[in-house]
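All remarks here apply to the structure that follows.
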Amino acid sequence: MSEVSITIDDHEVRALLKRTPGNIKRAMKAAMGDSTALLLRDMKDYPPAPANSTYTRTRTLGRSWSRTFDDQRGEVGSSGFMAPYNRLVQDADFQARIHRGRWETTKSVSEKRKPQITKFFQERLRQNVK
């Protein structure tokens, strides 16, 4: 899959980290959990089947998605071993024409969710750092 990243200016967070490392670490891990759960849900979502389609969906692509996270890094990815066609369906750089406009891509989901993810971090930090 093509790599997509969201960059957040964290200079204020780093300053707070020096003062309250335990609270910041808990807040960051919680926000990372919120964020990866949201992205995972979106990437597992299937569009409606095309009209008159006789193809029976196996849902393997949805099951191929997983997440890992801690207080500093979160990853949401699809296993190419489980669903070797994943890039043809959900990667903006490699998406097959038949899937364009029907299936969300890693890029479209990350762009759409960036404001919500930013709010997750702001809210969790506000709750945990006083």
In this structure, among 29/107; 44/119; 25/119; 29/119; 18/119, pairs with alpha-carbon gaps over 20 Å are 29/107; 44/119; 18/119
Expressed as a rounded percentage, what relative contact order does the stretch 24-128 have, with Cα pairs under 8 Å and six or more residues apart?
36
Would you mind putting 47-60, 71-84, 27-40 in packing order, based on average other-beta-carbon counts within 10 Å, highest first?
27-40, 71-84, 47-60
Sorted by chain and number, the residues with a modelled amide H under 5 Å from that of residue 65, at a separation of 5 or more or across chains, are 79
On a 0 to 90 degree scale, rounded to 10, what angle separates helix 106-128 from the longest Cα axis of the chain?
20
Of the candidates 125, 106, 92, the farthest towards the positive dipole end of the stretch 85-130 (Lys/Arg Cβ +1, Asp/Glu Cβ -1, centred on the Cα centre) is 125
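Values in this text are rule-based calculations from the coordinates and carry no lab data. Please read all numbers here as calculations on a predicted model, not as lab measurements. Using ideal geometry, Cβ is built from the backbone for each residue, glycine included, and neighbour counts are taken over all protein chains shown.
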